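Everything on this sheet refers to the single structure shown next.
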Amino acid sequence: MPGLSLASDCACTMAPGRLEPCVLVIFGASGDLTARKLMPALFSLAQQRALPRQLAILGAARTPMDDQVFRELILSALPKGDDQERRAFGERLFYLHVDYQDRASFTRLAARLAELDARLGTAGNRIFYLATPPGLYDPIGRNLGRGGLSAPPPGGFARMVVEKPFGRDLKSARRLDAALHQSFEERQIFRIDHYLAKETVQNILMLRFANSIFEPLWNRSHIEYVGIMAAEELGVEHRAGYYEGAGVVRDMFQNHLMQLLALTSMEPPSRLAADRVREEKNKVFRSLKPYGNRALGREMLLGQYGPGALRGQAMPGYREEPGVAPDSRTPTFAITRLFIDNWRWGGVPFYLASGKRLAAKQTQIVIQFREAPRSLFSGIMPDNFQANRLVIGIYPEERIALSFQAKGQGPRLCLTPVDMEFTYPQNGAGAADSYEKVLLDCLLGDQLLFWDQTGIELSWAFLDPVLKAQDRRTAASLPNLYPAGSWCPQAAGEWMRLIHA
Ligand code: BG6
């Protein structure tokens with residue numbers, strides 16, 4: 001069956017807001033995130049002429065260096081390209097050596113910002129991007145406040161951008177939030193979830209609410225179950241320091257999978273605006289049926305990868321990875337079944353799964369519709385008959401596929417499952433990297449794709465009971481081993497088969 005294609009006459013609009021002059025201050029500028037994600041995204045935006053002309057990027061970190069060394073460091077890590085574009089990008093870069101705990105550093109920061117404003121016309125507008133370990137959010141936020149840097153200039157803005165983890169449970173998330181709110185108001189805080197900036201993830205709302213054929217079926221009367229899966233091939237890599245204390249539920253469920261769940265199940269917002277969309281998502285979180293006391297092992301199953309092989313290459317188990325305790329119980333896989341107790345979804349199971357070192361990287365949402373009555377076709381329906389299924393693929397292909405039954409060609413009467421599929425062109429024109437999208441939205445001041453604190457707290461409040469049980473080291477919290485390169489622990493097979501199309 002032919003695929004569908006993107007029509008050229010699409011109704012496009014940029015996020016609301018205007019690109020204003022500003023200084024983007026990146027704390028943690030000598031780190032991995034800055035080099036791997038932020039700078040390439042900013043450079044790409046510069047190449048697309050999507051940055052404000054008066055945008056200066058001020059790197060701030062503990063490593064002593066001057067502007068010139070910083071420029072060379074950043075430029076050497078960027079993809080090769082037009083020399084003039086690289087030079088122009090280099091001219092936007094500046095550097096300041098800071099000690100995050102030291103107030104005097106922030107006095108120097110204020111002076112440097114004032115100097116850049118005077119020299120480059122950046123108008124006192126600021127974005128503070130915290131690309132640092134989360135332990136530093138509190139001192140940086142506090143010191144920005146004390147230095148008078150969190151107050152926006154008249155008619156302008158001062159924004160703070162933070163990355164997950166937003167705490168490690170409800171209590172710490174609240175503590176972190178209180179620290180940030182000492183200096184910044186909620187409308188100034190942009191909490192990134194890079195999943196929200198993925199093209200197909202944004203498309204979930206368009207698919208559901210810009211078409212009239214799906215929404216009437218999008219409920220408990222027609223849907224058997226929903227599956228949300230984020231499978232990864234990668235192991236823990238060099239992040240054991242963080243991951244050992246986190247595990248898969250904190251790392252993937254509390255944020256990315258919860259967002260996918262909310263987008264798939266929320267009611268239509270009254271407008272496509274940040275506050276309206278967040279409000280509807282939060283209603284979903286509020287309607288989640290709480291896990292019972294003994295959910296671990298029953299409603300959520302944990303796993304950890306052992307030694308195995310991926311694409312013919314031997315892989316170590318999680319406990320053999322550098323920095324991981326030889327008796328670690330940290331789960332690298334989890335699958336859960338949860339329910340949204342409202343009129344639309346009551347009784348429909350939602351299966352959420354994620355794991356590291358699985359057989360392939362695959363991220364998708366499966367909407368499994370109920371079976372049609374069979375009597376009419378008894379005898380010609382195959383035994384493994386699959387009712388209609390809508391798959392929203394996020395990785396490797398960004399696609400939407402609807403499977404249905406059709407008559408097999410030829411004189412005999414038989415039914416065959418067929419797919420109708422739409423695939424976004426890989427790296428197609430206009431496809432933006434997630435970080436490009438979030439950086440642009442920060443510059444525009446649009447919070448649509450960012451978490452609000454209420455959502456963060458509701459999500460932690462829901463997961464806290466299973467996380468507590470996981471950390472308690474009971475028999476139920478002992479993760480089931482699965483070989484690296486397989487799809488899941490054996491015990492999770494039944495649920496995993498439902499959602500792994
Ligand atoms: C991050 C997690 O938030 O998301 C990582 O910390 C994970 O552990 C990553 O690998 C997955 O993102 P993506 O976009 O590759 O699915």
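None of the figures in this text is laboratory data; all of them are computed from the coordinates on show. Because the structure is a prediction, the values reported are computed rather than measured. When we count neighbours, we look across all protein chains shown, and the Cβ atoms used for this are built from the backbone with ideal geometry, even at glycine.
Summary of computed values
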{"item": "The chain: relative contact order as a whole-number percent, Cα under 8 Å and 6+ apart", "result": "19"}
{"item": "Ranking of Thr63, Thr336 by count of other Cβ atoms within 10 Å, fewest first", "result": "Thr63, Thr336"}
{"item": "Extension gain from Glu72 to Ala273, taking 0.36 nm per residue of separation minus the Cα-Cα distance", "result": "68.4 nm"}
{"item": "Exposure proxy order (Cβ contacts within 10 Å, fewest to most) of Asp471, Asp452", "result": "Asp471, Asp452"}
{"item": "Two-site label geometry, Glu320 and Arg103: point separation in nm, points 7 Å out along Cα→Cβ", "result": "5.3"}
{"item": "Listed peptides 221-227, 41-47 by packing density, highest first (mean Cβ within 10 Å)", "result": "41-47, 221-227"}
{"item": "Amide H partners (placed H, <5 Å) of Glu224, local residues excluded", "result": "Gln368, Phe369, Arg370"}
{"item": "Rounded if a/c under 1.5, otherwise prolate or oblate - segment 374-501, Cα gyration tensor axes", "result": "oblate"}
{"item": "Residue order, fewest to most beta carbons within 10 Å, for Ser105, Ser212, Ser354", "result": "Ser212, Ser105, Ser354"}
{"item": "Electrostatic dipole magnitude of the chain [Cβ: Lys, Arg +1; Asp, Glu -1; Cα centre; debye, to 20]", "result": "780"}
{"item": "Long-range amide H partners of Leu415 with built H, under 5 Å", "result": "Gly408"}
{"item": "Dipole of the chain [Lys/Arg +1, Asp/Glu -1 at C-beta], most positive-end residue of Cys22, Gly455, Tyr95", "result": "Gly455"}
{"item": "Amide H within-cut-off set for Asp99, under 5 Å, with H built and near neighbours excluded", "result": "Ser105"}
